[in-house]
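Structure first, then comments.
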Amino acid sequence: MVYHADYSNTKGLTKEETLQHILDSFETLKTKNWVTNLSNLSSLLWHSYHSLGIKVNWTGFYTIDESINNNNNELVLAPFQGKVACQTIKIGNGVCGTCAFTKLTQLVPNVEEFPGHIACDGDTKSEIVVPILKNNKIWGVIDLDCEELNGFDEIDQLYLEKLAESISKSL
Ligand code: SME
């Protein structure tokens, strides 16, 4: 018997294998509903990173919600795992808003050195934020926080950017 929860079990895999597992699981689990998809992805990211011993304290998403945001100048909180977080982020503000504004991944080894970083949790030491584009416009971001400095590197960037592409194709 295979349970859905088994997708969260990546014990014994290397970092590359673990991140590839997230990509493969997304292809298997994805539905037509983006809330469903991002909910399962935030869980997959949470458990996969923890199984690697990387102390992520937040794994989730912010998206542009056109229904409540006429000017498209804000990101709103979307599915995540971790502690309660800020509900809205202006485009251009913080790490997420900078990612949305530039449409470029923000790899932040030390959040205290990132001008304007928005601290939702004082325990966060490093962060990576990856843009999700739809028709070359920002649709949302993937946001991962870590309780240690230098929590993320170019390998995370590579696989999370592939994940952002898969999410984009599923929209
Ligand atoms: N640190 C982010 C805010 C979101 S939380 O990390 C969940 C930022 O500076 O945009």
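The values are calculated or read from the model by the stated rules, or taken from the named source; none is laboratory data. It should be emphasised that the depicted structure is a prediction, and the values quoted were computed from it without experimental measurement. Here the Cβ is made from the backbone with ideal geometry for all residues, glycine too, and neighbour counts use every protein chain on show. All accessible areas refer to the heavy atoms of the entire protein, side chains included, with ligands and DNA or RNA removed. Shrake-Rupley method; radii C 1.70, N 1.55, O 1.52, S 1.80 Å.
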I'd like the residue in the stretch 79-97 that is in contact with a helix residue (DSSP H, G or I) (Cβ under 6 Å, 6 or more places away or on another chain) and of a type in the set (A, V, I, L, M) and, out of all such residues, is nearest to the ligand (Cβ to nearest atom).
Ile89
Could you list, in sequence order, all residues of the stretch 82-119 that are open to solvent by 50 Å² or more (accessible area, probe 1.4 Å), within 14 Å of Glu147 (Cβ to Cβ) and under 15 Å from the mean Cα position of the chain (by Cα)?
Lys83
Of a type in the set (Phe, Trp, Tyr) and touching a Leu at 6+ places or on another chain (Cβ under 8 Å), is that true of Trp46?
no
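Among the candidates Leu44, Leu38, which residue alone is touching a residue at least 60 places away in the same chain (Cβ under 8 Å), out of contact with any Cys (no Cβ under 9 Å at 6 or more places or on another chain) and either within 24 Å of Leu133 (Cβ to Cβ) or open to solvent by 40 Å² or more (accessible area, probe 1.4 Å) (or both)? Can you show your working first?
Values: Leu44 fails: touching a residue at least 60 places away in the same chain (Cβ under 8 Å).
Residue meeting the stated conditions: Leu38.
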What is the residue count in the stretch 6-35 for residues that are part of a helix (DSSP H, G or I), more than 21 Å from Ala78 (Cα to Cα) and open to solvent by 50 Å² or more (accessible area, probe 1.4 Å)?
7
Residue satisfying all of: in the stretch 98-109; of a type in the set (S, T, N, Q) and outside any helix (DSSP H, G or I); farthest from the ligand (Cβ to nearest atom) among these:
Thr105
Boolean, Lys169 is assigned to a helix (DSSP H, G or I), without any contact (Cβ under 8 Å) to a residue 24 or more places away in the chain and open to solvent by 30 Å² or more (accessible area, probe 1.4 Å)
yes
Which of the residues spanning the stretch 121-150 are within 12 Å of the ligand (Cβ to nearest atom) and either within 18 Å of Ala164 (Cβ to Cβ) or crowded, with 18+ Cβ neighbours inside 10 Å (or both)?
Thr124, Lys125, Ser126, Glu127, Ile128, Val129, Val141, Ile142, Asp143, Leu144, Asp145, Cys146
Contacts under 8 angstrom Cβ, first residue in the stretch 106-117 being small (Gly, Ala, Ser), partner open to solvent by 50 Å² or more (accessible area, probe 1.4 Å), 6 or more apart:
Gly116/Asn93
Given (1) more than 10 Å from the ligand (Cβ to nearest atom); (2) in contact with a strand residue (DSSP E or B) (Cβ under 7 Å, 6 or more places away or on another chain), number of the condition Glu112 does not satisfy
(2)
Among the residues of the stretch 39-59, are any among the small types (Gly, Ala, Ser) and not in a helix (DSSP H, G or I)?
yes
If you check Gly122, Gly53, which single one turns out to be within 23 Å of Asn40 (Cβ to Cβ) and of a type outside the set (Lys, Arg)?
Gly53
Top-ranked residue in the stretch 151-166 [being within 27 Å of Glu66 (Cα to Cα) and aliphatic (A, V, I, L, M); ranked as surrounded by the most Cβ atoms within 10 Å (Cβ to Cβ)]
Leu160
